[in-house]
Amino acid sequence: MRLERSLAAISCALVFAGGPIRAEPLKVVGGYLDFNYYYDTRDLNVLTINSDLRMTSRLEYFSFVNYMNTARTSRNQDLAAYYTEQNLRWALPSELPFDLGAQFASADGGKNDVLRAGARWRASSTPALSPFLKGLGVFFATTIFPVQFDHRDGYHWQIEHVYRVDLFPEAWGRRAYLSGYADHNLGPGRVPWVAEHQLGIRVAGSLHAVVEYRYNGFLRDKNGVGLGLEYLASF
């Protein structure tokens, strides 16, 4: 019942803050599928799938799924653990650089489901910053989730930063990039970070060689480096 009330409240917030709803048909107007497979130095094999669908000019769905084997085992080919985030974003009208968002996160194990609601600021779409950041080939956004429903005691919330930088686009033709995110989990007791920073170099077509620094404050082995391949399909 609590989850149902939470979903209803988030839906109402998206409707009223987003302004009058027009009959804009739902259809895929753009997006991408991004597959990453690499070996993590913490004895992990990792498969990450990112997907993004723009269903209208203002409504966006983003999915992140991370599969990995259990650390320090000999089952290096078994994808035995997972973490996923499913996001809906609704852009505010009048070209404002803000989105309302709802996120469902889940991990393997019991009582690990989390429902969040908040707002995202797109620095790259802010008039005062956009010319400078776009001139550098930079995308940057910050999301604050002040509303969070989970199975833990106390009030928890999250701040998420994401970025992408095209490295030397004029000289290299957008062949190399640096991208990543950092999640700051706030609440009573520990306030761990989770962050990933990936350097990718296109080797052929949509195939990239990648190296990634990975930090997870929830794990015993917090730091790792991933080496592998990425395939990006845009549509």
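Computed from the coordinates by the stated procedures, all read-outs in this text should not be read as laboratory data. The shown structure was predicted, so the numbers you read here are calculated from the model rather than taken from an experiment. Counting neighbours? That spans all protein chains shown, and the Cβs are built from the backbone with ideal geometry, glycine included.
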### Query
Taking θ as phi - 60°, what are the ³J(HN,Hα) couplings along region 157-168 by the Karplus curve (6.51, -1.76, 1.60), each to the nearest whole Hz, with x for Gly and Pro?
8, 9, 10, 10, 10, 10, 8, 8, 10, 7, 8, 6
### Prolate/oblate/rounded label for region 147-235 (Cα gyration tensor, a/c 1.5)
prolate
### Query
What list do you get for 145, 132 if you sort them by fewest beta carbons within 10 Å?
132, 145
### Summary
The simple spin-label model distance between residue 232 and residue 65, using points 7 Å out along Cα→Cβ, in nm, is 2.1
### Task
Extending each Cα 7 Å along its Cβ direction at residue 104 and residue 182, get the distance between those two points in nm, one decimal.
3.1
### Task
Provide the packing ranking of 196-202, 98-104, i.e. peptides ordered by the mean count of other C-beta atoms within 10 Å per residue, highest first.
98-104, 196-202
### Message
Whole angstrom only: what separates the Cα centroid of region 149-191 from the Cα centroid of region 107-143?
### Response
8
#### Entry: Karplus 3J(HN,Hα) series, Hz, for region 31-43 with 6.51 cos²θ - 1.76 cosθ + 1.60 (x for Gly, Pro)
x, 7, 10, 10, 10, 10, 9, 7, 9, 9, 5, 8, 6
### Message
If each residue of separation counts as 0.36 nm, what is the full-extension length gain between residue 57 and residue 161 once their alpha-carbon separation is subtracted?
### Response
35.2 nm
### Sorted by Cβ density within 10 Å, fewest first, the residues 121, 193
193, 121
#### Entry: Distance in nm between pseudo-label sites at residue 37 and residue 204 (7 Å out along the Cβ direction from Cα)
1.6
### Residues whose placed amide H lies under 5 Å from that of residue 42, excluding near-sequence neighbours
225
### Summary
Footprinting proxy, 48, 126: sorted fewest to most Cβ within 10 Å, the residues are 126, 48
## Note on the structure
Note, region 205-220: 3J(HN,Hα) by Karplus (6.51, -1.76, 1.60, θ = phi - 60°), whole Hz, Gly/Pro = x, goes x, 9, 9, 10, 8, 10, 10, 9, 8, 10, 10, 9, x, 7, 9, 5
### Summary
Stretched fully, the stretch from residue 82 through residue 29 gains (0.36 nm per residue minus C-alpha distance, one decimal, in nm) 16.2 nm
